[in-house]
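A short write-up of the structure that comes next.
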Amino acid sequence: MKRVRFAPSPTGNLHIGTLRTALFNWLFAKRYNATYVLRIEDTDKARSKPEYEDNIYEGMDWMEIVEDEGPKKGGKFGPYRQTERIVEGIYQKQLNRLLEEKKAYYCFCTDKDLDAEREEAKQKNRPYIYSRKCLRLNPDEIADKLNSEISRTVKFEVPDTKSLIVSDGVRDDIDFDCSLISDFVLLKSDGNPSYNYSVVVDDALMEITDVIRGEDHISNTPKQLLLFKALGFTPPQYHHLPMILGQDKSKLSKRHGATAVTDYESQGYLSDALYNFLALLGWSPTDTTEIFDRASLSTLFSMDRISKSNAVFDVTKLKWMNGQYIRSLSESALSEKVKPFLDDASNAILAEYSESDVSKIIYSVRDNLALLPDINGYLESFNTSFESFSEKVKGFQFTDSERQVVLDFCKNILEYSDITSENVSKTMDIIVEKNDGKKGKVFKPIRKALIGLERGPNIVEILTLLGRENLSKRASFLNELFSV
RNA sequence: GGCCCUAUCGUCUAGUGGUUAGGACACAUGGUUUUCAUCCAUGCAACCGGAGUUCGAUUCUCCGUAGGGCUACCA
């Protein structure tokens with residue numbers, strides 16, 4: 001049984017790029033029947049915040065990505081929050097082994113010392129490699145410093161391997177020269193494990209078989225592989241995903257505007273659309289299909305069709321896709337999705353209608369929506385306010401024949417005691433007939449005169465929904481207006 | 001600077017040792033529609049450059065170039 005993990009750090013709101021990583025892990029789990037683990041990497045005490053962890057859960061809920069194991073869900077490889085694992089001494093235990101086996105050592109160098117070394121390397125145009133000053137300390141010196149207040153870290157002694165091969169599920173083998181890799185910190189001076197260390201211990205102990213993460217981790221991989229080896233664990237298969245870039249082709253970040261997943265939710269995107277869109281960013285199916293529901297994506301997804309090159313995040317296409325998804329919603333589903341996005345003016349308009357008419361109204365304008373809040377621009381046709389209606393109508397000019405058409409329609413339609421769409425259609429047809437079958441000569445003036453707008457949804461639908469009372473009121477107003 | 005990854009229309013991408021290099025978004029035009037939108041049709045538009053291998057390279061190799069990543073006691 002394969003096991004994958006999504007391991008975000010709660011140092012900011014869940015990001016579009018991070019979400020894509022989660023999605024690919026999730027899709028992998030669905031496709032290859034793997035266990036999907038959520039692990040919270042909160043070892044950076046200064047930047048990690050509970051509210052960010054909550055934001056991650058919120059995003060996952062919205063995307064309907066449900067972990068099999070995680071901080072909330074539990075599981076037999078827990079705890080799944082690194083700060084809790086620290087408390088349990090999990091990292092310390094492994095670290096002691098490394099220390100005993102002399103694969104790791106204490107370092108007492110100050111930031112100043114290290115910065116100087118780095119500066120020197122830079123001057124000489126050499127890659128920075130730690131001098132290993134502290135590796136040469138004798139046991140007494142180490143014991144002394146350990147007993148003092150001097151701040152210390154534990155560093156990994158990087159072996160001098162000339163060629164370390166990283167095998168990658170997405171690209172070809174990558175060859176690293178470890179003599180170019182500096183000894184790095186395993187245990188930070190604040191007592192917490194560093195990322196490169198904790199990630200290895202956790203992936204090993206949680207028995208992760210496949211690590212699917214961003215390409216920005218490629219250069220970390222040799223370090224992690226070395227640690228796996230030093231610890232005596234079997235490393236997972238790595239798969240490095242291409243990055244998602246902003247419009248300017250640099251790594252997607254906050255300055256590119258909306259990057260938090262919750263931003264998309266609040267802007268009125270459907271999570272189904274984002275899910276579909278993100279799956280296509282870095283992966284492609286064998287045919288030219290672009291719209292997939294979650295179930296088919298789970299079966300079609302495959303690791304061998306992941307692309308190697310970075311992708312620009314194109315909101316325009318996401319918007320289009322969102323429109324596709326909006327159009328595929330049922331009347332009731334659309335109405336549910338749209339309601340939270342209605343503004344005060346829209347709510348005021350809709351308050352005059354019954355629950356089922358509200359759904360019909362919303363459904364009638366669905367073709368105009370790319371984002372859910374777009375709805376607010378399309379409800380004016382259904383405004384029952386007589387004042388607002390009469391004001392607008394007064395702004396229009398009508399020819400004599402237009403007046404005739406309108407008055408004619410009003411008279412005929414009001415003969416029905418019940419305004420149904422059939423009745424409205426029938427009435428329209430009669431008037432059209434009288435006007436040599438010219439639909440435009442009938443529909444346009446009727447819309448202008450009875451709604452006060454030049455465009456909007458299907459006029460028959462609007463008139464039907466408006467109902468007899470409103471129509472009758474408007475008809476008498478028009479009678480008066482046109483008779484002068 | 002060093003190390004690493006990548007390179008097909010503006011964008012997301014398919015694809016091949018010989019193809020009219022395919023699809024989608026966007027854009028343009030036309031059609032459908034009472035109008036906007038939707039929908040449909042059509043069009044515009046790409047193999048980063050140079051060598052090499054080969055009868056033939058967009059495809060394989062090398063070198064450039066460009067973009068991206070890493071180069072932390074951040075993940």
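The values are calculated or read from the model by the stated rules, or taken from the named source; none is laboratory data. None of these values were measured; they are calculated from a predicted model. Every residue, glycine among them, receives a Cβ derived from its backbone with ideal geometry; neighbour counts consider all protein chains shown. Heavy atoms of the whole protein, side chains included, go into the accessibility calculation; ligands, DNA and RNA do not. Shrake-Rupley method; radii C 1.70, N 1.55, O 1.52, S 1.80 Å.
Data overview
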quantity: Verdict on A:Ser335 being outside any loop (DSSP other than H, G, I, E, B) and open to solvent by less than 60 Å² (accessible area, probe 1.4 Å); calculated: yes
quantity: For A:Glu149: the one exception among (1) closer than 25 Å to A:Ser179 by Cβ; (2) more than 10 Å from RNA strand B (Cβ to nearest atom); calculated: (1)
quantity: Residues of segment A:152-182 satisfying the condition of being out of contact with any His (no Cβ under 6 Å at 6 or more places or on another chain), near RNA strand B (Cβ under 9 Å from one of its atoms) and assigned to a loop (DSSP other than H, G, I, E, B); calculated: A:Arg152, A:Arg171, A:Asp172, A:Asp173, A:Asp177, A:Ile181, A:Ser182
quantity: Enumeration of residues in segment A:40-69 that are within 15 Å of RNA strand B (Cβ to nearest atom) and farther than 29 Å from A:Gly268 by Cα; calculated: A:Glu41, A:Asp42, A:Thr43, A:Asp44, A:Lys45, A:Ala46, A:Arg47
quantity: Residue check for A:Ile56: touching a Phe, Trp or Tyr at 6+ places or on another chain (Cβ under 6 Å), of a type in the set (Val, Ile, Thr) and surrounded by 20 or more Cβ atoms within 10 Å (Cβ to Cβ); calculated: no
quantity: Within segment A:2-105, helices (runs of 4 or more DSSP H) holding 3 or more residues that are farther than 25 Å from A:Ala273 by Cα and not acidic (Asp, Glu); calculated: A:82-87, A:90-100
quantity: Some residue of segment A:227-244 being at positive phi, modelled with pLDDT under 95 and either assigned by TED's automatic domain parsing to the domain that holds A:Trp283 or surrounded by fewer than 20 Cβ atoms within 10 Å (Cβ to Cβ) (or both); calculated: no
quantity: Residue in segment A:183-199 that is surrounded by fewer than 20 Cβ atoms within 10 Å (Cβ to Cβ), at pLDDT 95 or above, of a type in the set (Val, Ile, Thr) and more than 6 Å from RNA strand B (Cβ to nearest atom) present; calculated: no
quantity: Selection count, segment A:446-467, where residues are within 7 Å of RNA strand B (Cβ to nearest atom) and more than 12 Å from A:Ile419 (Cβ to Cβ); calculated: 7
quantity: Single unsatisfied condition, A:Thr259 versus (1) in contact with a His (Cβ under 9 Å, 6 or more places away or on another chain); (2) modelled with pLDDT of 95 or more; calculated: (2)
quantity: Qualifying positions in segment A:212-270 - more than 15 Å from RNA strand B (Cβ to nearest atom), within 20 Å of the chain's Cα centre (by Cα) and closer than 23 Å to A:Tyr195 by Cβ; calculated: A:Ala260, A:Val261
quantity: Residue check, A:Ile208 assigned to a strand (DSSP E or B), at pLDDT 95 or above and in contact with a strand residue (DSSP E or B) (Cβ under 6 Å, 6 or more places away or on another chain); calculated: no
quantity: Selection within segment A:165-181 - within 24 Å of A:Lys102 (Cα to Cα) and open to solvent by less than 20 Å² (accessible area, probe 1.4 Å); calculated: A:Cys178
quantity: Number of the exception - A:Met206 against (1) more than 37 Å from the chain's Cα centre (by Cα); (2) more than 10 Å from RNA strand B (Cβ to nearest atom); calculated: (1)
quantity: Qualifying position, being aromatic (Phe, Trp, Tyr) and near RNA strand B (Cβ under 9 Å from one of its atoms), among A:Phe482, A:Phe443; calculated: A:Phe443
quantity: Boolean, A:Leu274 is within 12 Å of RNA strand B (Cβ to nearest atom), part of a helix (DSSP H, G or I), under 13 Å from the mean Cα position of the chain (by Cα) and not assigned by TED's automatic domain parsing to the domain that holds A:Asp367; calculated: no
quantity: Residues of segment A:106-137 classified as among the polar types (S, T, N, Q) and either outside any loop (DSSP other than H, G, I, E, B) or modelled with pLDDT under 90 (or both), total; calculated: 2
quantity: Helices (runs of 4 or more DSSP H) lying entirely in segment A:392-484 (those with 2 or more residues that are over 23 Å from A:Val365 (Cβ atoms)); calculated: A:400-413, A:421-434, A:459-483
quantity: Per-region count, segment A:311-332, residues under 28 Å from A:Lys249 (Cβ atoms) and in contact with a Ser or Thr (Cβ under 9 Å, 6 or more places away or on another chain); calculated: 1
quantity: The one condition in (1) closer than 25 Å to A:Glu207 by Cα; (2) modelled with pLDDT of 95 or more that A:Trp62 fails to fulfil; calculated: (1)
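Quick grid of which residues meet (1) assigned by TED's automatic domain parsing to the domain that holds A:Pro8; (2) in contact (Cβ under 8 Å) with a residue 24 or more places away in the chain; (3) touching a Pro at 6+ places or on another chain (Cβ under 8 Å):
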{"residue": "A:Gly75", "(1), (2), (3)": "yes, yes, no"}
{"residue": "A:Glu117", "(1), (2), (3)": "no, no, no"}
{"residue": "A:Leu137", "(1), (2), (3)": "no, yes, no"}
{"residue": "A:Leu146", "(1), (2), (3)": "no, yes, no"}
